[in-house]
Amino acid sequence: MSALCYLNGAYLPLDQACVSVMDRGFLFGDGVYEVIPAYGRRLFRLAAHLARLENSLHAIRIDPPVAYDEWRKILERLVDENPGEDQSVYLQVTRGVFPKRDHAFAGQPVQPTVFAMSTPIPEPDPALAEQGIAAVTLDDIRWSYCHIKAVTLLPNALLRQEAVDAGAGEAILIRDGEATEGAASNLFIVRSGRLITPPKSPRLLPGITRDLVLELARAHGIPSEEAAIPVEALREADEIWVTSSTREIVPVTRLDGEPVGDGRPGPLFARMREIYREYKEAFRRGEVD
Ligand code: PDD
């Protein structure tokens, strides 16, 4: 049975949802998106995700087509009706269907296309936390507005595939000699017990998981800092982690074929993993937002 999805005001089975080939999302990748986890059928960090969506829409000059409370209703209905206690919600807004293919978009009435779906999140693979993943460094070939969560993900897809072709699970992107983020994740390193992640800038996506990890580090007295990570510091790091809503916190134990630290997930990762797990459990019980 096909999962329930939402498209332009209607709820329908995913395999019946259709969008015009004249949609600018299809023709130009002209749209933005969010990926929001739901644990115990509760939407995790919804306010932060919707605030980022609003920033992305503003940055590409689309007026918000759905108000906050309406988003909540739409996404809660999908999460309630689709299978799985834990789900990953995907939502996308494109500039909509235009009569003519034209790069410029001003001056025409805009009816954005609004789409959302959800899929069950499988149980996290324990091997990931026990062994970590390999990563490779690659030149960041993306554009200058990486803070916008745009659906235009061809560079990210090519970079991730290049990492996979090299037997790695993620690409860590390098721009002007600094490591910025992963192809689909944010980046943390640990040096002498201190957690470091690059500051927010147009070079990286302001990750919701990144913010939560920093928040939890502060709350638990773990020294943390937002600072540039030169590629040399990346190579000398005691630990490297990547974070995202879909993969949470994943330790990188090999970088470009060399072990990170002693080649195993480090002690600060083990501590943060436990803190994060406890936070998620409290969230499931409705004790935190
Ligand atoms: N991507 N940086 C990039 C380039 C990303 O694509 C993502 C997440 C992140 C982490 O952001 P967050 O913690 O808010 O998920 C950082 C999502 C999961 C995706 O494209 O599927």
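Quick notes
- Any hit, the range 252-271, residues being away from the ligand (no atom under 16 Å from the Cβ), aromatic (Phe, Trp, Tyr) and not assigned by TED's automatic domain parsing to the domain that holds His49: yes
- Glu54 vs. criteria under 20 Å from the mean Cα position of the chain (by Cα), in a helix (DSSP H, G or I) and either outside the structural domain of Tyr279 (by TED's automatic domain parsing) or surrounded by fewer than 19 Cβ atoms within 10 Å (Cβ to Cβ) (or both): yes
- Hits in the range 107-146 (condition: open to solvent by 90 Å² or more (accessible area, probe 1.4 Å) and within 22 Å of Arg175 (Cβ to Cβ)): Asp139, Ile141, Trp143, Tyr145
- Yes/no for Asp69 being more than 13 Å from the ligand (Cβ to nearest atom), at pLDDT 95 or above, in contact with a Lys or Arg (Cβ under 7 Å, 6 or more places away or on another chain) and outside any loop (DSSP other than H, G, I, E, B): no
- Qualifying residue in the range 218-228 (condition: in contact with a strand residue (DSSP E or B) (Cβ under 9 Å, 6 or more places away or on another chain) and at pLDDT below 95): no
The values are calculated or read from the model by the stated rules, or taken from the named source; none is laboratory data. Note that the structure is a prediction, hence the values are computed from the model and not measured. Every residue, glycine among them, receives a Cβ derived from its backbone with ideal geometry; neighbour counts consider all protein chains shown. Just the protein is used for accessible areas: all its heavy atoms, side chains included, with ligands, DNA and RNA removed. Shrake-Rupley method; radii C 1.70, N 1.55, O 1.52, S 1.80 Å.
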